[in-house]
Amino acid sequence: MGRNRPVAEKIILDVLPTNPEPKIDFIAADCSLLKEVWRVCQETRTKENEISGLGKGMVNLLIMSQPPLG
């Protein structure tokens, strides 16, 4: 999740060579807003429950990055 899809796509492309099998989704959101955090959590839970089929969705990896200062 993040505000900048092009930056996220670059990170995803950097990660895929180490493991090309995972399904990686980018969720556009401004997580400085609490309502967006709530929306993203609900969306993530829904997607994970659909994938697992067990109603026990979870996130295995969360990558957090900040833009360079300056």
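Nothing in this text is a laboratory measurement; each read-out follows from the coordinates by a stated rule. Just so we're clear, the structure is a prediction, and the values are computed from it rather than from any experiment. Please note: Cβ atoms are built from the backbone with ideal geometry, for glycine as well, and neighbour counts cover all protein chains shown.
Kirkwood hydrodynamic radius, computed over distinct alpha-carbon pairs, for the stretch 1-40: how many Å, to one decimal? For the stretch 1-40, inverting the mean 1/r across all distinct Cα pairs yields 11.1 Å.
Extension gain, Arg45 to Lys23: 0.36 nm times the residue separation minus the Cα-Cα distance gives 6.4 nm. Peptides 11-23, 29-41 ranked from most to least packed, by the mean per-residue count of other Cβ atoms within 10 Å: 29-41, 11-23.
Couplings 3J(HN,Hα) of the stretch 14-20, computed from phi: 5, 7, 4, x, 7, 7, x Hz, in residue order, whole Hz [Karplus 6.51 cos²θ - 1.76 cosθ + 1.60, θ = phi - 60°; x for Gly and Pro].
Net charge in the neighbourhood of Ala28 (other residues with Cβ under 12 Å of its Cβ; Lys, Arg +1, Asp, Glu -1) is -2.
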